[in-house]
Every structure is written in structure tokens, then in C-alpha cells.
1. Residue separation times 0.36 nm, minus the C-alpha to C-alpha distance between Ala172 and Thr102: what's the value?
2. Can you tell me which of 166-174, 119-127, 199-207 comes out highest on packing, and rank the rest after it, using the mean Cβ neighbours within 10 Å?
3. Label-point separation (nm) for Thr187 and Glu205, each offset 7 Å from Cα along Cα-to-Cβ?
4. What whole-number distance in Å separates the alpha-carbon centres of region 26-64 and region 138-171?
5. Charges on Cβ only, +1 for Lys and Arg, -1 for Asp and Glu, centred on the Cα centroid of the chain; of Tyr64, Gly137, Ile105, which one is farthest towards the dipole's positive end?
6. Expressed in whole Å with the largest first, what are the equivalent ellipsoid semi-axes of region 130-209 derived from the C-alpha gyration tensor as the square root of 5 times each eigenvalue?
7. Pull out the extension gain between Glu41 and Arg54, defined as 0.36 nm times the separation in residues minus the alpha carbon to alpha carbon distance; nm, one decimal.
8. Placing unit charges on C-beta atoms (Lys and Arg positive, Asp and Glu negative, everything else neutral), compute the dipole magnitude of the chain about its Cα centre in debye, rounded to 20.
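Since every read-out is calculated from the coordinates, none of them should be taken as a lab result. None of the values given here were measured: they were computed from a predicted structure. Glycine gets a Cβ as well: all are built from the backbone with ideal geometry, and neighbour counts include every protein chain shown.
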Amino acid sequence: MSQSPIEMTPLPPGNHGLSRAEVEESQRLRLLRAMAEVMTEKGYARTSIADVLRRARVSRETFYELFGSKEECFIGAFELAYRHLGEAMATASAAEPADGETSAIDRLGVVLENYLNAIAADIPASRVFLIEVYAAGDAALARRLALHNGLVEIIATLMEADDPGDRFAIEAFLAATISLVTSRVATRDADAIRDLHGPLMALAERVGL
């Protein structure tokens, strides 16, 4: 999600020099992107496979070669969006400080900034796992919980938090962050998402992270 949105331009007809695997990957990504964009406009329940096909400009036959159902396509879009988010956070946590040692709170500030920027940079993808997941069934919700726990682990490792109380504080901080971000994703206010950084860091310091 820190990257540019996935390109959805259809492949040119004729010999385009791509292997079959590359063609299928291009079609799969266009379908995932189309799923995210249509859901931003209509919500998961009102989004049909036909809507996704029109947006992606991919045939129904191709859709069913790649996905077994609308839910499977949604989970693919969900996984892709969350992977981009995780990459943005992991990149920040792995970055070497420019001036030597940094405090845990400073490292959290960098990761939080990347998280908020990643969310704000791609509102349709963000809606997939922050909002529409609740309408997509138990499998999607279970996957969201697993990935959410992964984000807790990233931050706990970054903060060197081994104590159960510290880990709970991190989980509570992340839950508050997600709640505040979600309300701003719902109104598609990218600037308001980025503006959460200062208040959230103040909260982190107040609760002793």
C-alpha cells in the first residue's frame, strides 16, 4: 500500500511478449484491484462478480480460472492489501537509524508514520481489510485476526516488549489506532489519516509505550 496502486490497464492484443504465467498474474492483480475499487463504491454485499469484471476488463471465464468465488477474490484482495501494509511497517522497523541508537518510542513513531502513510495512499485497498472484511464471512474475519496478531508481533519486536502487560498495552494501542483510522477511511480523508500521527504518538507516550 505504500506502493502505487496496481496497474489495471488491459494487456494489448496479440504478441505482447509475456509468458502465460505473467499474463495470469496481470489478470489476477487487475481483478483484485477491481474488487477493492468497486467495494469502495458499493460495499461488499452489493458488489457482484459482473461489477468486478467490468472494472477489470477481464472475462468471466478468466475470473473462474483464477478464483472459485467472489469471496475467494475478496480474500485475495485482502491478503494483497495486508501484505503491502506489512511490508511498509517491516521496512520501517528494519531501517538503520541515521545517528546511531534510537529509543523504542522513536522506532514506534517511524513505523506508525509508515502505517498511516500506507493506509492513506490507497483508500480502496484499506477499506478491504478495515471495513468490508466484516461483510465477507467467517473465513475472511479469521484471516483478519491472524494478520492483526502479526502486526502486534511486529510492534512488540520493535519495542522489545516481552512482558505480557507491555504486549497488552501494544495490542490496545493498535486497536485504538485501527479504530481511529477506520473512521477516516470510511470518509476517504487521507489527510486526516496522516494527521493522526501526532496525537497517537502522544497517546503512546502517555500510556508508557
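1. Values: separation 70, 0.36 × 70 = 25.20 nm, distance 2.34 nm.
Gain in length upon complete extension: 22.9 nm.
2. Working: 166-174: 16.8, 119-127: 24.0, 199-207: 14.0.
Descending packing order for the listed peptides: 119-127, 166-174, 199-207.
3. 2.6 nm
4. Spelled out, the Cα-based centre of one part sits 31 Å from the other.
5. Checking the options against the dipole of the chain, the answer is Tyr64.
6. Values: eigenvalues 104, 76, 14 Å².
Whole-Å semi-axes of the equivalent ellipsoid: 23, 19, 8.
7. Values: separation 13, 0.36 × 13 = 4.68 nm, distance 1.40 nm.
Length gained between Glu41 and Arg54: 3.3 nm.
8. On the way: 21 positive and 31 negative charges, 234 e Å.
So the dipole magnitude of the chain works out to roughly 1120 debye.
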